[in-house]
């Protein structure tokens, strides 16, 4: 009898589980971190100090960005390029909305 290294029972992917939910979550996570560079490239070091003072607001966006990617993966199915594009635009828009609301513009 071979040894099992996992306590979870063996399971196969069911038909109703979206296989691209992981891609959506990864896309949301990656775009979350990439969007930190946009205000810094736009406004320089002053934006970095602004982000240091308002980090809880931007930290709250992390689960939202990952969930956006997972939610987009359900209707878009196997179209990974469209999934990444939609997730990137949504995360960028959400990040920029919070940035502009906090900075008072």
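Computed values, structure above
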read-out	value
Packing-based exposure ordering (other Cβ within 10 Å, fewest first) of 55, 96, 23	55, 96, 23
Gap separating the Cα centres of the range 24-58 and the range 71-87, nearest whole Å	23
Hull volume in cubic angstrom per residue (convex hull over the Cα atoms of the range 44-105)	86
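Quick note: the coordinates plus some simple rules give every number you see, no bench work behind them. Predicted, not measured: the structure shown is a model, and the values here were computed from it. Note that we place each Cβ from the backbone using ideal geometry, even for glycine, and neighbour counts take in every protein chain shown.
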